[in-house]
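Enquirer: Structure in structure tokens, see below.
The values are calculated or read from the model by the stated rules, or taken from the named source; none is laboratory data. All figures in this text were calculated on a predicted structure; none of them were measured in a lab. Note: ideal-geometry Cβ built from the backbone for every residue, glycine included; neighbour counts use all protein chains shown. The area values use the complete protein model at the heavy-atom level, side chains included, leaving out ligands, DNA and RNA. Shrake-Rupley method; radii C 1.70, N 1.55, O 1.52, S 1.80 Å.
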Amino acid sequence: MEESVKGYKKLDYIAGWFVKGTNYIYGKNSKVAFVSTNSICQGEQVPILWNVLLVTAQIDFAYTSFVWNNNAKNNATVQVVIVGLSDRNRQEDKHLYSGSVVKKVQYITPYLTDGNKKIIVRKSPQSLFNLPLMSRGNMPTDGGGLLLNKKDLKEVPDECASLIHKLIGAKELIDGYCRYVLWMSKNEYKKVKNLPFISNRIDIVREMRLKSKKKSTNALALQPWRFELISHPGTSYSGNTVVVPRVTSENRFYSPMGIVDSNTIVSDSAMAIYNAPLWLLGLLESRMHMTWLRAVGGKLENRYRYSVALVYNTFPVPELSTRRKNEIEDLTLNILDIRDEEGGTLAELYGSPLAEKNPKPMNPRLLKAHQELDAVVDRAYKQSGFKDDNERLSLLLDMYSKKVNEK
């Protein structure tokens, strides 16, 4: 497997059997099928594995994701798929199963959808559909010197008040709290560096960076007032920022995202879209985008891992009229208003309705508002809407394939 599949260490164990199976049936009038965890047809594993398998094989039939229960005392459930393979030159009907529905198709993609041949989503350095730039949040690498809690705020001298900013990352956004950070330029630091509060904090940063085993971190000790990674546009920036958690629970219908003002610093546990239009937040909070995230995004354990290059930059978006953008913006504002009016954290409001054990429902008022947004976004892609997520994904993959082939 090491010789034939580059990047094999990122694959599930079952991938080895897929490789052996396709090698066995190559050039023969034979077939092979596996029950597998559904991750083999999602995220980073698809371009690594299926780019190799589809050189000699094709998918004859597939059952899309369903729950598999075992008979153990502490019953564990997993999401699995069934995939049947044959030699790529074998000519016969192909069948795609979803629940009790079966569909005869011409081709089954590695994402187990009806689509064009060999659609494999690959990372892109920029948005293929002209969305605004998404950046990783700001990374301190400071040993705690630049980060402050509420108790620390009591010690901040008046001269440094303007240097204190809120810091929001994935956990802060979802669990409903914020931290604080010393955020300053070189010139601002020169003005306050002799204040005991500042000098003590900077000593912590400098010491931590000098002790690091990384030479790049050692070099940063010469600039102890600044974060290691800075994506924030700077003091002239006055727009809103969309915040997208890098890792989020798989137990929710939607990945909770948020919007903050220009004075809030987004940490590197989240992604940031600076100066983002409000309709973009609505688009990313839609079921269309969640369908794309589930299919092509990576996983950390079972949680969704958001990737700029693999998820955001490849996400297909149709041409949106000004009227459509305004409609999405109004519905997004409604969602934000409901969050405020209902109170509670995003973790509480979005619940865990898909959890295997002790599921918690999503706030019903918020769920209805999301469903209204979904209907409008769906119609932007297809006037008649969609029967299910498999139809959504088929269209998205087709849009992606056409865009890539254009280039």
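Enquirer: At what distance in angstrom do the alpha carbon centres of the stretch 267-296 and the stretch 345-407 lie from each other?
Expert: Cα centroid of the stretch 267-296 versus Cα centroid of the stretch 345-407: 12 Å apart.
Enquirer: Hey, got the Cα dimensions of the stretch 72-181 along the principal axes, in Å, largest first?
Expert: Result for the stretch 72-181: principal-axis Cα extents of 77, 49, 24 Å.
Enquirer: Of 395, 369, 349, which is farthest towards the positive pole of the stretch 339-407's charge dipole, taken about the Cα centre with +1 and -1 on the beta-carbons of Lys, Arg and Asp, Glu respectively?
Expert: Of the listed residues, the answer is 395.
Enquirer: Would you tell me the accessible area of residue 107, worked out with a 1.4 angstrom probe on the heavy atoms of the protein chains, in Å² to the nearest 10?
Expert: 30 Å²
Enquirer: At q = 0.18, 0.20, 0.21, 0.25 Å⁻¹, what log₁₀ I(q)/I(0) does a Debye calculation on the Cα points of the stretch 291-341 give, no solvent, two decimals?
Expert: -0.82, -0.87, -0.88, -0.88
Enquirer: Rounded to two decimals, what is the ratio between the C-alpha radius of gyration of the stretch 1-143 and 2.2 N^0.38 Å?
Expert: For the stretch 1-143, the normalised Cα radius of gyration comes out at 1.24.
Enquirer: For the stretch 294-407, just say rounded, prolate or oblate: build the C-alpha gyration tensor, square-root its eigenvalues into a ≥ b ≥ c, call rounded for a/c under 1.5, and beyond that prolate if a/b exceeds b/c, oblate if not.
Expert: Values: a/c = 1.99, a/b = 1.29, b/c = 1.54.
Here the stretch 294-407 falls in the oblate category.
Enquirer: Which one of 224, 198, 212 has its Cα pushed farthest toward the positive end of the charge dipole of the stretch 181-228, where Lys and Arg give +1 and Asp and Glu give -1 at the Cβ?
Expert: The listed residue farthest towards the positive side: 212.
Enquirer: Using a ≥ b ≥ c from the Cα gyration tensor of the stretch 169-259 (square roots of the eigenvalues), is it rounded, prolate or oblate, where a/c under 1.5 gives rounded and otherwise the larger of a/b and b/c decides, a/b for prolate? Could the numbers behind the result be given before it?
Expert: On the way: a/c = 2.39, a/b = 1.73, b/c = 1.38.
Prolate, since a/c reaches 1.5 and a/b exceeds b/c.
Enquirer: Rounded to the nearest 10 Å², what accessible area does residue 197 show when all protein chains are kept and the probe is 1.4 Å?
Expert: 20 Å²
Enquirer: Now for a separate question. Cross-link candidates for residue 382: which lysines have Cα within less than 27 Å, leaving aside residues fewer than 8 places away along the same chain?
Expert: 94, 103, 104, 117, 118, 123, 325, 368, 402, 403, 407
Enquirer: Nearest-5 percent of antiparallel DSSP beta bridges in the chain?
Expert: So the antiparallel bridges amount to about 90 percent of the total.
Enquirer: Starting from the residue with the highest accessible area, list 26, 97 in decreasing order, probe 1.4 Å. Don't skip to the end; give the middle numbers.
Expert: Values: 26 135, 97 65 Å².
Reading off the accessible areas and sorting them downward yields 26, 97.
Enquirer: Test of understanding: in a Gaussian network model of the chain with alpha carbons linked when under 10 Å, which of 193, 171, 214 would top the mean-square fluctuation ranking?
Expert: Judging by the Gaussian network model, the answer is 214.
Enquirer: Let me ask something else about it. How high is the relative contact order of the chain, in percent, counting Cα pairs under 8 Å that sit 6 or more residues apart? Before the final figure, lay out the partial values.
Expert: Numbers: 714 pairs, mean separation 63.1, N = 407.
So the answer I get is 16 percent.
Enquirer: Please report the accessible area of residue 387 (heavy atoms, 1.4 Å probe, ligands and nucleic acids excluded) in Å², nearest 10.
Expert: Around 150 Å² of this residue is reachable by solvent.
Enquirer: OK, next. Largest first, how would 207, 319, 44 line up by accessible area (1.4 Å probe)? The partial results should precede the final answer.
Expert: Numbers: 207 100, 319 180, 44 50 Å².
So the residues, ranked largest to smallest area, are 319, 207, 44.
Enquirer: Still on this structure, please answer the following. What are the extents of the Cα atoms of the stretch 213-254 along their three principal axes, in Å, largest first?
Expert: For the stretch 213-254, the Cα spread along each principal axis is 45, 33, 11 Å.
Enquirer: If contacts are Cα pairs under 8 angstrom and at least 6 residues apart, what is the relative contact order of the stretch 251-407 in percent?
Expert: Values: 141 pairs, mean separation 46.6, N = 157.
Reported relative contact order: 30 percent.
Enquirer: While we're looking at this one, here's another question. Grab the DSSP H runs of the chain that are 4 residues or longer, score each as -39,500 (n - 2.57), total them, divide by all residues and round the 222 nm result to the nearest 500 deg cm²/dmol. Mind showing how you got there, number by number?
Expert: Working: 12 runs with 130 residues, N = 407.
So the calculated ellipticity at 222 nm is -9500 deg cm²/dmol.
Enquirer: Tell me which of 279, 255, 144 sits at the most positive position along the dipole axis of the chain, charges placed on C-beta atoms (Lys, Arg +1; Asp, Glu -1).
Expert: Of 279, 255, 144, it is 144.
Enquirer: Enumerate the calculated ³J(HN,Hα) couplings along the stretch 102-107 in order (Karplus 6.51 cos²θ - 1.76 cosθ + 1.60, θ = phi - 60°), each rounded to whole Hz, writing x wherever the residue is Gly or Pro.
Expert: Taking θ as phi minus 60°, the curve returns 10, 10, 7, 10, 7, 8 Hz for the stretch 102-107.
Enquirer: Project the alpha carbons of the stretch 188-323 onto their principal axes and report the range along each, largest first, in whole Å.
Expert: Principal extents (Cα only, largest first): 53, 37, 23 Å.
Enquirer: Can you tell me the equivalent ellipsoid semi-axes for the stretch 106-236? Use √(5λ) from the Cα gyration tensor, largest first, whole Å. Don't skip to the answer; put the middle values down first.
Expert: Numbers: eigenvalues 332, 63, 42 Å².
In descending order, the three semi-axes are 41, 18, 14 Å.
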